[in-house]
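The next block holds one structure in the form of structure tokens; read it before the comments.
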Amino acid sequence: MTEVIHARIRVSGQVQGVGFRPFVYRLAHEMGLAGWVRNDSEGVEIAVEGERQQVMRLIGRLQSEPPQLARVEQVTHELEQTAGGLYGFCIAASKAGRVQTGITPDMAICPDCLSELFNPSDRRYRHPFINCIHCGPRYTLTARLPYDRANTSMAKFTQCPDCQREYDNPATRRFHAQPNACPVCGPKLQLYDEHWQPAVTGDPIAATAQLIRAGKIAAVKGVGGFHLVCDARNTA
């Protein structure tokens, strides 16, 4: 007779904002395990139930196959011989508490997002705020932990139907990507003059490039502050 066990697992380290919950979700479904995964103030907490061999394999894979941006410091678990009657596997609501974990730094654009960014047929073509679970801002948009959209500066941007479908679909790399957005529903660029008045109604990037070529200096607001941009070849 197959032995079914219940395990409570805790993963600590850099495990929030790296796609760890979607990673656990996919593993559990692949291995036929039931339960849930959630962020909390200490990292990631998992309740899982299934065949002993598969549960122990899952615990091992959390350490050996973590997401690219994750830095797993410790995986601990407690086993119970009596199963708890869990069905299916889901990403549960985060649990707040005294924070004992950190948040991932902002990450440079990944190759997949870079490919989309310059693909005229992609709906995120030239979208300056493109991101996925593998890249984009984390630290500079997070107000508090656990790392959930409601605790970031993206909270006021409601995802459009297309973005929401990506966010809810385990097959996409934007599954539970908290900064997920597009030109329809996300933040937008705007060019202002020295009096803080809107300067153009067209493409602000093209207009800024034209001003720099004309000898102007631009202050570009990024996720971590302002960058002063000018033409270094212009002596004046």
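Could you check, for segment 180-197, whether at least one of its residues is of a type in the set (Gly, Ala, Ser), open to solvent by 50 Å² or more (accessible area, probe 1.4 Å) and either modelled with pLDDT of 95 or more or within 20 Å of Leu69 (Cβ to Cβ) (or both)?
Checking segment 180-197: not a single residue is of a type in the set (Gly, Ala, Ser), open to solvent by 50 Å² or more (accessible area, probe 1.4 Å) and either modelled with pLDDT of 95 or more or within 20 Å of Leu69 (Cβ to Cβ) (or both).
Filter segment 41-55 down to residues that are in a helix (DSSP H, G or I) and within 16 Å of Tyr25 (Cβ to Cβ) and give me whichever is most open to solvent (accessible area, probe 1.4 Å). Give the steps one after another, and end with the answer.
Step one: list which residues in segment 41-55 are in a helix (DSSP H, G or I), which gives 52-55.
Remaining after also requiring within 16 Å of Tyr25 (Cβ to Cβ): 54-55.
Working: Gln54: 40, Val55: 0 Å².
The residue in question is Gln54.
So if I check each of Ala177, Ala171, which one is loosely packed, with under 10 Cβ neighbours inside 10 Å and under 23 Å from Gln16 (Cα atoms)?
Values: Ala177 fails: loosely packed, with under 10 Cβ neighbours inside 10 Å.
The conditions single out Ala171.
Restricting to segment 1-12, name every residue that is open to solvent by 10 Å² or more (accessible area, probe 1.4 Å) and among the small types (Gly, Ala, Ser). Steps first, answer last, please.
Taking segment 1-12 first, the residues open to solvent by 10 Å² or more (accessible area, probe 1.4 Å) are 1-4, 6, 8, 10, 12.
Of everything in segment 1-12, just one residue is open to solvent by 10 Å² or more (accessible area, probe 1.4 Å) and among the small types (Gly, Ala, Ser), namely Ser12.
From the list Pro187, Pro128, Pro183, exactly one residue is touching a residue at least 12 places away in the same chain (Cβ under 8 Å), more than 21 Å from Val18 (Cα to Cα) and within 17 Å of the chain's Cα centre (by Cα). Which is it? Spell out the reasoning first.
Working: Pro128 fails: more than 21 Å from Val18 (Cα to Cα); Pro183 fails: within 17 Å of the chain's Cα centre (by Cα).
None of the others qualify; the one that does is Pro187.
Within the group Leu58, Leu33, Leu79, which residue is surrounded by fewer than 19 Cβ atoms within 10 Å (Cβ to Cβ) and either farther than 22 Å from Thr152 by Cα or in contact with a Phe, Trp or Tyr (Cβ under 6 Å, 6 or more places away or on another chain) (or both)?
Numbers: Leu58 fails: surrounded by fewer than 19 Cβ atoms within 10 Å (Cβ to Cβ); Leu33 fails: surrounded by fewer than 19 Cβ atoms within 10 Å (Cβ to Cβ).
Step by step, each of Leu58, Leu33, Leu79 is checked, and only Leu79 is surrounded by fewer than 19 Cβ atoms within 10 Å (Cβ to Cβ) and either farther than 22 Å from Thr152 by Cα or in contact with a Phe, Trp or Tyr (Cβ under 6 Å, 6 or more places away or on another chain) (or both).
Touching an Asp or Glu at 6+ places or on another chain (Cβ under 9 Å), aliphatic (A, V, I, L, M) and under 30 Å from Pro66 (Cβ atoms) - does that describe any residue in segment 122-140?
Going through segment 122-140, the residues touching an Asp or Glu at 6+ places or on another chain (Cβ under 9 Å) turn out to be 122-127, 130, 132, 134-140.
Then keep just the ones that are aliphatic (A, V, I, L, M); that gives 130.
With the extra rule that they be under 30 Å from Pro66 (Cβ atoms), the set shrinks to 130.
The answer is yes; a qualifying residue exists.
Scan segment 3-23 and give yes if some residue there is without any contact (Cβ under 8 Å) to a residue 40 or more places away in the chain and within 25 Å of Leu145 (Cα to Cα), otherwise no.
Restricting attention to segment 3-23, the residues satisfying the condition of being without any contact (Cβ under 8 Å) to a residue 40 or more places away in the chain are none.
No - not one qualifying residue is present in segment 3-23.
If Ser153 passes every condition in (1) touching a residue at least 60 places away in the same chain (Cβ under 8 Å); (2) open to solvent by 60 Å² or more (accessible area, probe 1.4 Å); (3) hydroxyl-bearing (Ser, Thr, Tyr) but one, which one does it miss?
Going through (1) touching a residue at least 60 places away in the same chain (Cβ under 8 Å); (2) open to solvent by 60 Å² or more (accessible area, probe 1.4 Å); (3) hydroxyl-bearing (Ser, Thr, Tyr) one by one, Ser153 breaks only (1).
I'd like the full set of residues that are in contact with a Gly (Cβ under 8 Å, 6 or more places away or on another chain) and open to solvent by 90 Å² or more (accessible area, probe 1.4 Å), limited to segment 61-76. Please lay out each step first, then the result.
Let us first name the residues in segment 61-76 that are in contact with a Gly (Cβ under 8 Å, 6 or more places away or on another chain), namely 67, 69-74.
Selection gives Arg71, Glu73, Gln74.
For segment 215-234, check the following and say yes or no: at least one residue is in a strand (DSSP E or B), loosely packed, with under 12 Cβ neighbours inside 10 Å and among the aromatic types (Phe, Trp, Tyr).
Yes: segment 215-234 contains one or more residues that are in a strand (DSSP E or B), loosely packed, with under 12 Cβ neighbours inside 10 Å and among the aromatic types (Phe, Trp, Tyr).
The values are calculated or read from the model by the stated rules, or taken from the named source; none is laboratory data. Nothing here was measured: the structure is a model prediction, and the numbers come from that model. Here the Cβ is made from the backbone with ideal geometry for all residues, glycine too, and neighbour counts use every protein chain on show. Side chains included, ligands, DNA and RNA excluded: accessible areas come from the protein's heavy atoms. Shrake-Rupley method; radii C 1.70, N 1.55, O 1.52, S 1.80 Å.
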